[in-house]
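Working notes, beginning with the structure itself.
Nothing in this text is a laboratory measurement; each read-out follows from the coordinates by a stated rule. Since this is a predicted model, take the numbers as computed values, not measurements. In this analysis, Cβ positions are derived from the backbone assuming ideal geometry, glycine residues included, and neighbour counts consider all displayed protein chains.
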Amino acid sequence: MIGVASKRLSLSPAAAQYSLAGVFFVLGGWCLVAPDSVMTLAFRPEYHSSDRLVSFLLGGFGAQALIAGLFAAFSVFTRRTFAAYGVALLPFFVFDYWFYFVEPILTPIGLLDAAGNVVMLTLCWIGWRSRPDQV
C-alpha cells in the first residue's frame, strides 16, 4: 500500500521532509495551543480530567512534538534518516491500536494520531525511495 501511494505521489525528498515536519507542527501545535480541546475531543469522557496538570502535560507533549518538527524541518535528511524515522514510528501504531481497541481511552478523533503516523510513514517511504544517496 505504501509503495502504491509513493508511485502516485511524486514528492521530492525535501517536500517529503517538510511535510513530515508539518504533521508534527499541526498535531503538536494543537496540543500546545488548545490542550483542553485535545482532552475533550481525543479522549473518552471517562478519562477526562479538569486537573490543570493534565492540560500542562498535554501542552508539554505538544511542545515536544514541535521540537521534533523543527528537527525534521531543519536537519539534512538522508535515506538513513527517512528509514530511521519510519522505523521509529512503528511502536506508535501499537500504542494507538492498544489505546483504541484493547484499553479504549482514545476516541475516533484521538485516532488523528494514528492518521498522522500513517501520513508520516508514507512520507518516510516516499523520501527514502526518492533520495539519491544510499543507506
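A few points about this structure:
- When Rg and the Kirkwood radius Rh are both evaluated on Cα atoms of the range 65-135, their ratio Rg/Rh stands at 1.05.
- Computed on the chain, the Cα convex hull volume stands at 102 Å³ per residue.
- The range 73-80 - phi-based ³J(HN,Hα) in whole Hz, Karplus 6.51/-1.76/1.60, Gly and Pro as x: 6, 10, 8, 8, 8, 10, 4, 5
- In a reduced charge model with +1 at each Lys and Arg Cβ and -1 at each Asp and Glu Cβ, the range 12-130 shows a dipole moment near 500 debye about its Cα centre.
- 5 Å-binned pair-distance histogram of the range 75-116 (Cα, whole percent): 6, 21, 24, 16, 12, 10, 8, 3
- The label-point distance for SER10 and PHE56, in a model that sets each label 7 Å from Cα toward Cβ, rounds to 5.2 nm.
- Considering only PHE95, THR107, LEU121, the residue lying farthest towards the positive end of the dipole of the range 12-130 is LEU121, judged by Cα position with unit charges set on Cβ.
- Net charge, ASP36 excluded, C-beta distance under 12 Å - Lys, Arg +1, Asp, Glu -1: 0
- Computed extension gain for SER49 through ILE109, at 0.36 nm per residue and net of the alpha carbon distance, reaches 19.9 nm.
- Net length gained if the chain between THR40 and ALA88 were fully extended (0.36 nm per residue, minus Cα distance): 14.5 nm
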